[in-house]
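The values are calculated or read from the model by the stated rules, or taken from the named source; none is laboratory data. Just so we're clear, the structure is a prediction, and the values are computed from it rather than from any experiment. Please note: Cβ atoms are built from the backbone with ideal geometry, for glycine as well, and neighbour counts cover all protein chains shown. Side chains included, ligands, DNA and RNA excluded: accessible areas come from the protein's heavy atoms. Shrake-Rupley method; radii C 1.70, N 1.55, O 1.52, S 1.80 Å.
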Amino acid sequence: MESETKYIPVVFDKSHLLTIGERLYSTSLDLIRELISNAYDADATMIKVTVQPGNIAVEDNGSGMGEEQLRQYFTIGSQEKRIHDVSPKLGRKRIGEFGIGKFSVLTLAERFSIETQRAETQFHARLVFDAAEWTRDPHNWRVPCDVLPFDASHVSGTRITITKLKRSLEPSQVVRVIRERLPLGREDFRIFVNSGEVMTTSIPGKRFPVHFETPFGAVDGEVILAAIPAARENMADAGIIIRVKQIAVTKSLFGYDTSHTFGVARLRGSINADFLPITSSRDNIIQDTEEYKFVCEQMRNFLRGVLREAKNLMYQKENNRASEVLRDALDRIGRAFKKNPDMWGGPTIDPPLGESARGFGKSEEGYNISKAQFVDAGILSQLPNNELSPSLMSPGTKPLLRRHAVLANKAIIRRMNFRNLGLICRMERYGNGYPLSFREQGIIFVNIDHPLYRKQAENPALTIFFVSSLLAKEIALEKHPHDAVEAYALQYKLLTDAFKDARTL
């Protein structure tokens with residue numbers, strides 16, 4: 001008996017197609033993103049989204065669809081956009097992908113219709129895709145299409161109307177997903193939701209342009225070190241958006257997710273890498289690929305430099321603030337000296353040196369505070385004119401051996417002159433395990449890394465009082481090194497006279 005060959009048809013059930021569509025576009029917002037992406041690919045320059053309770057419409061002024069394009073639109077898994085990956089009119093890199101989204105509508109709503117017009121072929125038609133009709137006959141895969149008279153008064157374009165949504169959308173939700181996921185900020189692509197244009201959100205901060213080549217293609221974008229108050233920093237908001245074909249897929253910190261490095265919570269921005277492979281749900285990058293690993297390593301190195309700059313900016317800001325605090329603290333101590341002109345004795349310094357402080361009087365009992373100098377941390381030879389203060393050095397005083405932990409590259413130095421007293425003060429970072437203040441070689445040092453200082457720094461007025469008390473303490477201990485009672489009395493006297501006229505702290 002001869003063998004016989006038979007053929008078994010491959011049958012694809014409609015319910016399976018709906019399941020696939022539902023998983024690809026699990027929410028109505030995903031579907032809207034896909035509809036707008038299709039309009040972008042069709043060279044639309046304006047898209048109008050109308051959101052009403054239970055209904056939504058997406059209308060564009062793109063090239064529209066003729067009969068051939070409609071057939072292509074309903075071809076499952078069409079390769080059209082991969083073969084022709086650049087739009088014909090505006091030369092855009094097309095961002096649509098699967099062509100299954102329209103089937104997922106039937107899991108999210110009961111009905112949707114397409115009205116499209118294409119001037120190139122003088123074609124105008126309306127299709128109605130109804131859930132009840134579609135599922136009633138499992139063998140009928142046709143969608144009714146009514147060909148309409150061409151309307152010469154209207155340009156090309158497409159309007160898709162979705163009705164009886166199973167879950168209503170709020171306009172704010174639609175605006176958010178458009179702003180987060182779609183390419184905005186282009187002059188040739190504007191999106192309106194209920195007549196209001198969706199604009200990009202401007203993030204204030206320092207910007208770092210990104211561009212590097214890979215074996216797979218170019219990566220472009222921008223990283224922003226957002227100007228956010230420390231109290232509002234939130235790791236949940238941090239991350240660099242990864243875009244593929246201009247569509248936001250996910251966001252990442254490229255390995256800094258669990259890092260405690262300063263500035264990580266302030267990282268924002270986006271990069272575009274068209275070559276990165278994405279998951280079928282289009283909400284993540286396939287990370288176990290050479291393409292992603294290469295980009296991740298490059299971005300990790302790039303962010304390392306951004307975070308280094310964040311730390312430098314923080315130090316610069318803290319240094320400027322500390323400089324002002326030191327000026328105001330010395331100003332207060334100078335006021336106390338003026339109220340006790342005979343406390344130190346000796347001739348006055350004439351002419352005075354440096355810059356006058358706020359409140360400096362022109363009388364012969366005046367004091368004078370120098371401009372701030374920012375010098376390399378840990379180097380004593382860079383003091384103003386290489387000066388030390390003999391009047392604050394006790395005979396035989398031995399300089400302290402400091403466990404110097406340089407956490408910044410600058411120290412802040414100011415000098416106050418009053419009569420025969422030259423008072424040099426230096427604020428520097430030594431780590432939180434080092435003393436709050438100390439004297440060495442006639443200089444008063446203040447450790448701005450100390451937990452107590454950092455706590456006071458949250459209140460500027462209190463910080464000035466705090467630093468003034470440290471200066472008064474060191475001055476009192478220098479004058480009365482062996483008499484704690486006298487030293488405390490002098491500190492109390494200086495602080496009382498320094499802040500007698502202060503209304504609040």
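Some notes on this structure:
- Per-region count, the stretch 280-338, residues under 24 Å from the mean Cα position of the chain (by Cα) and either surrounded by 14 or more Cβ atoms within 10 Å (Cβ to Cβ) or in a helix (DSSP H, G or I) (or both): 34
- Where W344 falls short, out of the listed (1) modelled with pLDDT under 75; (2) within 34 Å of the chain's Cα centre (by Cα): (2)
- Residues within the stretch 254-267 that are open to solvent by 50 Å² or more (accessible area, probe 1.4 Å) and either touching a Pro at 6+ places or on another chain (Cβ under 8 Å) or among the small types (G, A, S) (or both), tallied: 1
- Top-ranked residue of the stretch 464-487 - restricted to ones that are under 17 Å from L421 (Cβ atoms) and not in a helix (DSSP H, G or I), ranked as least open to solvent (accessible area, probe 1.4 Å): H480
- Helices (runs of 4 or more DSSP H) fully within the stretch 3-113 counting 2 or more residues that are in contact with a Ser or Thr (Cβ under 9 Å, 6 or more places away or on another chain), within 17 Å of T163 (Cα to Cα) and modelled with pLDDT under 85: 28-41, 101-108
- Meets criteria (within 18 Å of K479 (Cβ to Cβ), out of contact with any His (no Cβ under 8 Å at 6 or more places or on another chain) and open to solvent by less than 10 Å² (accessible area, probe 1.4 Å)) for I424: yes
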